[in-house]
1. For LYS398, go through the lysines and keep the ones whose alpha-carbon is under 22 Å away, minus same-chain ones fewer than eight residues off.
2. Over the C-alpha atoms of the stretch 225-275, what are the Rg and the largest Cα-to-Cα span, Dmax, in Å?
3. Figure the gain on full extension for GLN244 and ASP205 (residue separation times 0.36 nm, minus the Cα-Cα span) and round it to one decimal in nm.
4. In terms of Cα to Cα distance under 15 Å, which aspartates and glutamates are near enough to LYS192, apart from those fewer than 8 places away along the same chain?
5. If you roll a 1.4 Å probe over the stretch 213-274 with all protein chains in place, what percent of the accessible area is carbon or sulfur?
6. Which length gain, in nm to one decimal place, applies between LYS161 and ALA118 when the Cα-Cα distance is subtracted from 0.36 nm times their residue separation?
7. Mind ordering 166-176, 343-353 by average Cβ neighbours within 10 Å, highest first?
8. Among DSSP beta bridges whose residues both lie in the stretch 114-255, state the antiparallel percentage, nearest 5.
Amino acid sequence: MSVLAQAGGRWRSAAARAVIPCLWRGKYFCSGKEPVENNPVTPMLRHLLYKIKSTGPITVAEYMKEVLTNPAKGYYVYRDMLGEQGDFITSPEISQIFGELLGVWFISEWMASGKSAAFQLVELGPGRGTLTGDILRVFSQLGSVLKNCDMSIHLVEVSQKLSEIQALTLTEEKFPLERSAGSPVYMKGITKSGIPVSWYRDLQDVPKGYSFYLAHEFFDVLPVHKFQKTPQGWREVFIDIDPQVSDKLRFVLAPCATPAEVFIQHDETRDHVEVCPEAGVIIQELAQRIALTGGAALIADYGHDGTKTDTFRGFCGHKLHDVLIAPGTADLTADVDFSYLRRMAQGRVASLGPIKQQTFLKNMGIDVRLKVLLDKSAEPSLRQQLLQGYDMLMNPKKMGERFNFFALLPQERLHGRSHQMNARQSEPSPSPVAGFSELAWQ
(Lines give C-alpha, C1' and ligand atoms only; values in the text may rest on other atoms or scores of the structure.)
Protein backbone atom coordinates (compact mmCIF):
# COMPACT_ATOMS: atom_id res chain seq x y z
CA MET A 1 0.00 0.00 0.00
CA SER A 2 1.63 3.24 -1.04
CA VAL A 3 0.91 6.86 -1.70
CA LEU A 4 2.89 8.43 -4.52
CA ALA A 5 4.07 11.99 -4.02
CA GLN A 6 3.95 14.07 -7.19
CA ALA A 7 6.25 17.08 -7.40
CA GLY A 8 5.33 20.19 -9.32
CA GLY A 9 3.31 23.39 -9.23
CA ARG A 10 4.13 26.91 -8.01
CA TRP A 11 7.31 26.83 -10.06
CA ARG A 12 9.87 26.06 -7.38
CA SER A 13 12.02 23.07 -8.23
CA ALA A 14 11.58 19.76 -10.00
CA ALA A 15 12.16 17.19 -7.31
CA ALA A 16 10.20 14.28 -5.90
CA ARG A 17 9.14 13.88 -2.29
CA ALA A 18 9.66 10.56 -0.56
CA VAL A 19 6.89 7.97 -0.66
CA ILE A 20 4.79 8.54 2.48
CA PRO A 21 2.20 5.87 3.48
CA CYS A 22 0.23 4.41 6.53
CA LEU A 23 -1.83 2.41 9.10
CA TRP A 24 -3.50 3.35 12.38
CA ARG A 25 -0.80 2.58 15.03
CA GLY A 26 1.27 -0.49 14.04
CA LYS A 27 2.41 -0.17 10.42
CA TYR A 28 2.30 3.43 9.22
CA PHE A 29 3.42 5.98 6.72
CA CYS A 30 6.78 7.56 7.39
CA SER A 31 7.06 11.22 6.49
CA GLY A 32 10.71 10.84 5.62
CA LYS A 33 14.11 9.80 6.96
CA GLU A 34 15.20 13.14 8.36
CA PRO A 35 17.28 12.81 11.53
CA VAL A 36 15.80 14.28 14.71
CA GLU A 37 18.16 17.27 14.59
CA ASN A 38 16.60 18.30 11.25
CA ASN A 39 13.13 18.30 12.79
CA PRO A 40 13.07 21.39 15.03
CA VAL A 41 10.25 21.65 17.56
CA THR A 42 8.47 24.76 16.30
CA PRO A 43 5.68 26.54 18.25
CA MET A 44 3.20 25.06 15.76
CA LEU A 45 4.57 21.53 16.33
CA ARG A 46 4.16 21.97 20.11
CA HIS A 47 0.58 23.10 19.53
CA LEU A 48 -0.17 20.11 17.29
CA LEU A 49 1.43 17.60 19.67
CA TYR A 50 -0.74 18.92 22.51
CA LYS A 51 -3.84 18.83 20.30
CA ILE A 52 -3.24 15.23 19.17
CA LYS A 53 -2.46 14.05 22.72
CA SER A 54 -5.71 15.66 23.87
CA THR A 55 -8.13 14.60 21.12
CA GLY A 56 -6.40 11.93 19.02
CA PRO A 57 -5.10 11.87 15.43
CA ILE A 58 -6.23 14.73 13.16
CA THR A 59 -7.19 14.77 9.47
CA VAL A 60 -4.81 16.18 6.88
CA ALA A 61 -7.39 18.93 6.31
CA GLU A 62 -7.32 19.93 9.98
CA TYR A 63 -3.51 19.81 9.93
CA MET A 64 -3.35 22.12 6.87
CA LYS A 65 -5.84 24.55 8.39
CA GLU A 66 -3.92 24.77 11.68
CA VAL A 67 -0.49 25.08 10.06
CA LEU A 68 -1.49 27.70 7.48
CA THR A 69 -4.17 29.85 9.14
CA ASN A 70 -4.07 29.34 12.91
CA PRO A 71 -4.68 32.90 14.25
CA ALA A 72 -1.69 32.75 16.61
CA LYS A 73 0.93 30.65 14.79
CA GLY A 74 -0.29 30.13 11.20
CA TYR A 75 2.16 30.28 8.31
CA TYR A 76 0.03 32.74 6.31
CA VAL A 77 -1.08 34.96 9.17
CA TYR A 78 2.00 37.01 10.03
CA ARG A 79 4.61 36.47 7.32
CA ASP A 80 5.37 37.60 3.78
CA MET A 81 6.10 34.30 2.05
CA LEU A 82 6.25 35.65 -1.53
CA GLY A 83 9.18 36.67 -3.69
CA GLU A 84 12.85 35.76 -3.80
CA GLN A 85 13.26 36.04 -0.03
CA GLY A 86 10.14 33.98 0.65
CA ASP A 87 9.18 30.38 -0.06
CA PHE A 88 7.67 30.75 -3.54
CA ILE A 89 7.19 33.19 -6.43
CA THR A 90 3.87 33.58 -8.27
CA SER A 91 3.22 34.64 -11.87
CA PRO A 92 2.35 38.29 -11.05
CA GLU A 93 5.72 38.65 -9.28
CA ILE A 94 7.50 37.39 -12.42
CA SER A 95 6.05 39.61 -15.14
CA GLN A 96 3.65 42.54 -15.39
CA ILE A 97 2.28 41.04 -18.60
CA PHE A 98 0.45 38.32 -16.65
CA GLY A 99 -1.73 40.75 -14.72
CA GLU A 100 -2.22 43.01 -17.71
CA LEU A 101 -3.67 40.16 -19.77
CA LEU A 102 -6.03 39.22 -16.94
CA GLY A 103 -7.16 42.85 -16.88
CA VAL A 104 -7.91 42.58 -20.60
CA TRP A 105 -9.86 39.35 -19.91
CA PHE A 106 -12.14 41.05 -17.37
CA ILE A 107 -12.80 44.00 -19.68
CA SER A 108 -13.50 41.61 -22.56
CA GLU A 109 -16.06 39.72 -20.47
CA TRP A 110 -17.60 42.96 -19.18
CA MET A 111 -18.10 44.13 -22.77
CA ALA A 112 -19.37 40.74 -23.98
CA SER A 113 -22.00 40.63 -21.24
CA GLY A 114 -23.43 44.07 -21.94
CA LYS A 115 -21.20 46.69 -20.27
CA SER A 116 -22.89 46.84 -16.88
CA ALA A 117 -22.98 50.32 -15.31
CA ALA A 118 -21.14 49.02 -12.23
CA PHE A 119 -19.00 46.04 -11.29
CA GLN A 120 -16.97 44.72 -8.41
CA LEU A 121 -13.54 43.13 -8.88
CA VAL A 122 -13.14 40.54 -6.12
CA GLU A 123 -9.79 38.80 -5.60
CA LEU A 124 -9.48 35.79 -3.30
CA GLY A 125 -6.04 35.58 -1.68
CA PRO A 126 -4.44 38.64 -3.34
CA GLY A 127 -0.82 37.97 -2.31
CA ARG A 128 1.05 41.27 -2.26
CA GLY A 129 -1.60 43.02 -4.34
CA THR A 130 0.66 42.91 -7.40
CA LEU A 131 -1.91 41.17 -9.60
CA THR A 132 -4.75 43.56 -8.72
CA GLY A 133 -2.32 46.47 -9.23
CA ASP A 134 -1.44 45.30 -12.75
CA ILE A 135 -5.14 44.81 -13.57
CA LEU A 136 -5.97 48.31 -12.31
CA ARG A 137 -3.23 49.76 -14.50
CA VAL A 138 -4.97 48.24 -17.53
CA PHE A 139 -8.30 49.64 -16.33
CA SER A 140 -6.69 53.09 -16.12
CA GLN A 141 -5.13 52.77 -19.58
CA LEU A 142 -8.54 51.83 -20.98
CA GLY A 143 -10.28 54.57 -19.05
CA SER A 144 -12.18 55.75 -22.12
CA VAL A 145 -13.88 52.33 -22.29
CA LEU A 146 -14.67 52.20 -18.57
CA LYS A 147 -15.29 55.92 -17.95
CA ASN A 148 -19.00 55.54 -17.18
CA CYS A 149 -18.59 52.37 -15.11
CA ASP A 150 -18.71 52.51 -11.31
CA MET A 151 -15.98 50.13 -10.07
CA SER A 152 -14.96 48.89 -6.64
CA ILE A 153 -12.25 46.46 -5.47
CA HIS A 154 -12.89 43.78 -2.82
CA LEU A 155 -10.02 41.69 -1.43
CA VAL A 156 -10.57 38.50 0.60
CA GLU A 157 -7.48 38.08 2.79
CA VAL A 158 -6.97 36.31 6.13
CA SER A 159 -3.33 37.35 6.57
CA GLN A 160 -2.76 40.53 8.57
CA LYS A 161 0.77 40.84 7.21
CA LEU A 162 -0.26 40.47 3.57
CA SER A 163 -3.23 42.84 3.88
CA GLU A 164 -0.83 45.56 5.04
CA ILE A 165 1.47 44.86 2.07
CA GLN A 166 -1.54 44.94 -0.30
CA ALA A 167 -2.55 48.33 1.10
CA LEU A 168 0.96 49.69 0.49
CA THR A 169 0.87 48.37 -3.08
CA LEU A 170 -2.58 49.59 -4.02
CA THR A 171 -3.72 52.57 -1.97
CA GLU A 172 -3.12 56.31 -2.16
CA GLU A 173 -1.18 57.62 0.86
CA LYS A 174 -3.10 60.90 1.05
CA PHE A 175 -6.29 58.96 1.83
CA PRO A 176 -5.74 57.24 5.20
CA LEU A 177 -6.99 53.68 5.60
CA GLU A 178 -10.12 53.07 7.66
CA ARG A 179 -9.65 50.14 10.03
CA SER A 180 -12.28 48.20 11.94
CA ALA A 181 -10.80 44.97 13.32
CA GLY A 182 -14.09 43.46 14.49
CA SER A 183 -16.07 44.27 11.37
CA PRO A 184 -16.57 41.95 8.34
CA VAL A 185 -14.99 44.80 6.33
CA TYR A 186 -11.83 45.15 8.41
CA MET A 187 -10.07 47.73 6.23
CA LYS A 188 -11.05 50.29 3.57
CA GLY A 189 -9.09 52.63 1.34
CA ILE A 190 -8.84 54.35 -2.03
CA THR A 191 -6.57 53.00 -4.77
CA LYS A 192 -4.00 55.16 -6.54
CA SER A 193 -6.44 55.42 -9.44
CA GLY A 194 -9.26 56.58 -7.16
CA ILE A 195 -11.25 53.32 -6.87
CA PRO A 196 -12.66 52.24 -3.47
CA VAL A 197 -11.01 49.09 -2.06
CA SER A 198 -12.19 46.98 0.88
CA TRP A 199 -10.75 43.99 2.76
CA TYR A 200 -12.66 40.96 4.10
CA ARG A 201 -11.74 37.67 5.75
CA ASP A 202 -14.53 35.69 4.09
CA LEU A 203 -16.10 35.69 0.62
CA GLN A 204 -19.56 35.54 2.24
CA ASP A 205 -19.00 39.07 3.59
CA VAL A 206 -18.35 40.59 0.14
CA PRO A 207 -21.48 42.45 -1.08
CA LYS A 208 -23.49 40.56 -3.68
CA GLY A 209 -23.84 42.20 -7.07
CA TYR A 210 -22.46 42.06 -10.61
CA SER A 211 -18.87 40.95 -9.95
CA PHE A 212 -15.76 39.51 -11.52
CA TYR A 213 -13.99 37.07 -9.22
CA LEU A 214 -10.30 36.20 -9.43
CA ALA A 215 -8.58 33.33 -7.62
CA HIS A 216 -4.90 32.97 -8.52
CA GLU A 217 -3.08 30.27 -6.53
CA PHE A 218 -5.87 30.37 -3.96
CA PHE A 219 -7.55 26.97 -4.11
CA ASP A 220 -4.28 25.02 -3.83
CA VAL A 221 -3.81 25.98 -0.16
CA LEU A 222 -7.34 25.08 0.98
CA PRO A 223 -7.37 22.04 3.30
CA VAL A 224 -7.70 18.61 1.66
CA HIS A 225 -8.85 15.28 3.04
CA LYS A 226 -6.72 12.38 1.80
CA PHE A 227 -8.05 8.86 1.23
CA GLN A 228 -6.37 5.53 0.49
CA LYS A 229 -8.22 2.58 -1.06
CA THR A 230 -7.78 -0.59 1.03
CA PRO A 231 -9.27 -4.14 0.90
CA GLN A 232 -11.79 -2.87 3.48
CA GLY A 233 -12.77 0.15 1.39
CA TRP A 234 -11.72 3.79 1.50
CA ARG A 235 -9.79 4.85 4.60
CA GLU A 236 -8.88 8.43 5.43
CA VAL A 237 -5.27 9.45 6.09
CA PHE A 238 -4.76 11.06 9.50
CA ILE A 239 -1.76 12.58 11.27
CA ASP A 240 -0.61 11.15 14.60
CA ILE A 241 2.41 11.27 16.91
CA ASP A 242 5.18 8.80 16.10
CA PRO A 243 5.34 6.34 19.03
CA GLN A 244 9.09 5.91 18.45
CA VAL A 245 9.89 9.66 18.58
CA SER A 246 7.72 11.75 20.90
CA ASP A 247 8.10 15.04 19.01
CA LYS A 248 7.71 13.69 15.48
CA LEU A 249 4.53 13.32 13.43
CA ARG A 250 3.52 10.47 11.14
CA PHE A 251 0.70 9.55 8.73
CA VAL A 252 -1.74 6.81 9.74
CA LEU A 253 -4.92 5.31 8.26
CA ALA A 254 -8.26 5.53 10.02
CA PRO A 255 -9.49 2.08 11.14
CA CYS A 256 -13.00 2.69 9.74
CA ALA A 257 -14.97 4.99 7.43
CA THR A 258 -15.02 8.74 8.20
CA PRO A 259 -17.60 11.44 7.31
CA ALA A 260 -15.53 13.08 4.57
CA GLU A 261 -15.72 9.85 2.54
CA VAL A 262 -19.05 11.14 1.20
CA PHE A 263 -17.05 13.42 -1.15
CA ILE A 264 -15.52 10.47 -3.04
CA GLN A 265 -17.25 9.58 -6.32
CA HIS A 266 -18.91 6.14 -6.39
CA ASP A 267 -17.14 5.28 -9.65
CA GLU A 268 -13.69 6.49 -8.49
CA THR A 269 -10.93 4.38 -10.08
CA ARG A 270 -7.86 5.89 -8.42
CA ASP A 271 -6.38 4.19 -5.34
CA HIS A 272 -5.63 7.49 -3.58
CA VAL A 273 -7.67 10.69 -3.75
CA GLU A 274 -7.69 14.17 -2.23
CA VAL A 275 -10.94 16.06 -1.71
CA CYS A 276 -11.42 19.66 -0.63
CA PRO A 277 -14.87 20.39 0.82
CA GLU A 278 -13.94 24.03 1.47
CA ALA A 279 -13.22 24.52 -2.24
CA GLY A 280 -16.64 23.04 -3.00
CA VAL A 281 -18.35 25.50 -0.65
CA ILE A 282 -16.55 28.47 -2.28
CA ILE A 283 -17.36 27.27 -5.80
CA GLN A 284 -21.03 26.86 -4.85
CA GLU A 285 -21.05 30.42 -3.46
CA LEU A 286 -19.42 31.78 -6.62
CA ALA A 287 -21.80 29.82 -8.87
CA GLN A 288 -24.83 31.05 -6.96
CA ARG A 289 -23.68 34.68 -7.13
CA ILE A 290 -22.83 34.55 -10.84
CA ALA A 291 -26.13 32.83 -11.69
CA LEU A 292 -28.11 35.47 -9.77
CA THR A 293 -26.28 38.72 -10.55
CA GLY A 294 -23.97 37.98 -13.50
CA GLY A 295 -20.24 38.43 -13.91
CA ALA A 296 -17.64 35.65 -14.06
CA ALA A 297 -14.94 33.87 -12.06
CA LEU A 298 -11.43 33.23 -13.36
CA ILE A 299 -9.39 30.62 -11.48
CA ALA A 300 -5.68 30.10 -12.18
CA ASP A 301 -3.84 27.36 -10.34
CA TYR A 302 -1.87 24.20 -10.80
CA GLY A 303 -3.97 21.07 -10.79
CA HIS A 304 -5.56 18.29 -12.79
CA ASP A 305 -8.91 17.14 -14.15
CA GLY A 306 -9.52 14.26 -11.74
CA THR A 307 -6.45 12.21 -12.69
CA LYS A 308 -3.76 12.71 -10.01
CA THR A 309 -3.45 10.98 -6.65
CA ASP A 310 -1.10 12.19 -3.89
CA THR A 311 -0.12 15.82 -4.53
CA PHE A 312 0.17 17.08 -0.91
CA ARG A 313 3.57 18.74 -0.45
CA GLY A 314 5.44 21.53 1.28
CA PHE A 315 7.73 24.31 0.06
CA CYS A 316 10.30 26.27 2.01
CA GLY A 317 12.93 28.56 0.51
CA HIS A 318 11.81 27.58 -3.03
CA LYS A 319 12.54 23.89 -2.31
CA LEU A 320 10.34 20.89 -1.62
CA HIS A 321 9.92 20.40 2.11
CA ASP A 322 8.59 17.43 4.08
CA VAL A 323 5.03 18.34 5.06
CA LEU A 324 5.39 17.00 8.62
CA ILE A 325 8.76 18.57 9.43
CA ALA A 326 8.88 21.92 11.30
CA PRO A 327 5.19 22.77 10.70
CA GLY A 328 4.52 26.50 10.48
CA THR A 329 7.77 27.25 8.63
CA ALA A 330 6.74 26.04 5.15
CA ASP A 331 3.89 26.46 2.68
CA LEU A 332 1.57 23.45 2.34
CA THR A 333 -0.25 22.86 -0.90
CA ALA A 334 -2.16 20.29 -2.96
CA ASP A 335 -3.08 20.31 -6.65
CA VAL A 336 -6.56 21.58 -7.49
CA ASP A 337 -8.98 18.95 -8.83
CA PHE A 338 -10.82 20.93 -11.50
CA SER A 339 -13.24 18.06 -12.16
CA TYR A 340 -14.38 18.44 -8.53
CA LEU A 341 -14.82 22.22 -8.95
CA ARG A 342 -16.92 21.59 -12.07
CA ARG A 343 -19.15 19.12 -10.18
CA MET A 344 -19.56 21.53 -7.28
CA ALA A 345 -20.90 24.23 -9.64
CA GLN A 346 -23.86 21.83 -10.01
CA GLY A 347 -24.86 23.18 -13.42
CA ARG A 348 -25.87 26.58 -12.04
CA VAL A 349 -23.25 28.19 -14.27
CA ALA A 350 -21.22 27.19 -17.33
CA SER A 351 -17.57 26.25 -16.90
CA LEU A 352 -14.61 26.44 -19.26
CA GLY A 353 -11.28 24.68 -18.88
CA PRO A 354 -9.01 23.74 -17.41
CA ILE A 355 -6.60 24.79 -20.15
CA LYS A 356 -2.84 25.21 -19.82
CA GLN A 357 -1.49 28.62 -18.87
CA GLN A 358 0.66 28.63 -22.02
CA THR A 359 -2.46 28.26 -24.21
CA PHE A 360 -4.53 30.78 -22.26
CA LEU A 361 -1.85 33.51 -22.34
CA LYS A 362 -1.09 32.87 -26.02
CA ASN A 363 -4.80 33.22 -26.82
CA MET A 364 -4.85 36.45 -24.80
CA GLY A 365 -2.07 37.91 -26.98
CA ILE A 366 1.01 37.62 -24.76
CA ASP A 367 3.28 37.59 -27.83
CA VAL A 368 1.78 40.87 -29.08
CA ARG A 369 2.14 42.50 -25.65
CA LEU A 370 5.74 41.28 -25.25
CA LYS A 371 6.68 42.78 -28.64
CA VAL A 372 5.15 46.15 -27.67
CA LEU A 373 7.10 46.22 -24.39
CA LEU A 374 10.36 45.12 -26.05
CA ASP A 375 9.99 47.81 -28.72
CA LYS A 376 9.60 50.43 -25.96
CA SER A 377 12.56 49.13 -23.91
CA ALA A 378 15.95 50.53 -24.76
CA GLU A 379 17.59 49.23 -21.55
CA PRO A 380 19.19 45.78 -22.18
CA SER A 381 18.60 44.63 -18.59
CA LEU A 382 14.88 45.42 -18.86
CA ARG A 383 14.61 43.57 -22.17
CA GLN A 384 16.33 40.56 -20.61
CA GLN A 385 13.95 40.69 -17.66
CA LEU A 386 10.93 40.75 -19.98
CA LEU A 387 12.23 37.78 -21.98
CA GLN A 388 13.05 35.79 -18.84
CA GLY A 389 9.60 36.50 -17.42
CA TYR A 390 7.97 35.41 -20.68
CA ASP A 391 9.98 32.18 -20.65
CA MET A 392 9.00 31.42 -17.05
CA LEU A 393 5.29 31.97 -17.81
CA MET A 394 5.19 30.13 -21.15
CA ASN A 395 7.86 27.41 -21.10
CA PRO A 396 6.08 24.02 -20.79
CA LYS A 397 8.84 22.83 -18.43
CA LYS A 398 8.32 25.82 -16.15
CA MET A 399 4.89 27.40 -15.58
CA GLY A 400 3.47 26.99 -19.09
CA GLU A 401 1.98 23.53 -18.57
CA ARG A 402 1.99 23.34 -14.78
CA PHE A 403 -0.68 25.99 -14.34
CA ASN A 404 -4.24 25.91 -15.62
CA PHE A 405 -7.04 28.40 -16.18
CA PHE A 406 -10.66 27.61 -15.38
CA ALA A 407 -13.69 29.91 -15.65
CA LEU A 408 -17.26 30.06 -14.37
CA LEU A 409 -19.73 32.11 -16.42
CA PRO A 410 -23.51 32.56 -16.60
CA GLN A 411 -25.13 29.82 -18.72
CA GLU A 412 -26.48 32.43 -21.16
CA ARG A 413 -22.94 33.75 -21.77
CA LEU A 414 -22.09 30.55 -23.65
CA HIS A 415 -25.49 29.35 -24.79
CA GLY A 416 -27.41 32.59 -25.30
CA ARG A 417 -30.94 33.21 -24.09
CA SER A 418 -32.61 31.40 -26.99
CA HIS A 419 -34.07 28.77 -24.66
CA GLN A 420 -36.00 31.58 -22.95
CA MET A 421 -37.15 33.26 -26.18
CA ASN A 422 -39.92 32.66 -28.64
CA ALA A 423 -38.70 30.49 -31.50
CA ARG A 424 -39.51 33.26 -34.01
CA GLN A 425 -37.16 35.68 -32.26
CA SER A 426 -33.44 35.66 -32.96
CA GLU A 427 -30.34 37.00 -31.30
CA PRO A 428 -26.64 37.16 -32.19
CA SER A 429 -24.55 34.15 -31.18
CA PRO A 430 -22.56 34.72 -27.98
CA SER A 431 -19.02 35.95 -28.66
CA PRO A 432 -16.14 33.57 -27.87
CA VAL A 433 -14.64 33.79 -24.38
CA ALA A 434 -11.16 35.34 -24.52
CA GLY A 435 -8.30 33.12 -23.42
CA PHE A 436 -10.30 29.94 -23.96
CA SER A 437 -10.36 30.73 -27.67
CA GLU A 438 -7.98 32.94 -29.63
CA LEU A 439 -8.51 36.65 -29.03
CA ALA A 440 -9.18 38.63 -32.20
CA TRP A 441 -6.95 41.73 -32.29
CA GLN A 442 -8.41 44.64 -34.22
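The values are calculated or read from the model by the stated rules, or taken from the named source; none is laboratory data. All figures in this text were calculated on a predicted structure; none of them were measured in a lab. With ideal geometry, Cβ positions are generated from the backbone for all residues, glycine too; neighbour counts draw on all protein chains shown. Just so you know, the surface numbers come from the protein's heavy atoms only, side chains and all, with ligands and any DNA or RNA stripped out. Shrake-Rupley method; radii C 1.70, N 1.55, O 1.52, S 1.80 Å.
1. Cross-link targets: LYS308, LYS319, LYS356, LYS362, LYS371.
2. Reported Rg and Dmax, both Å: 12.4, 40.
3. 9.4 nm
4. Answer for LYS192, where 15 Å is the Cα cut-off: ASP134, GLU172, GLU173, listed by chain and number.
5. Using a 1.4 Å probe with all protein chains present, the stretch 213-274 comes out at 55 percent carbon and sulfur.
6. That pair, LYS161 and ALA118, stretches by 12.4 nm at full extension.
7. So the order, starting with the most tightly packed, is 343-353, 166-176.
8. 50 percent
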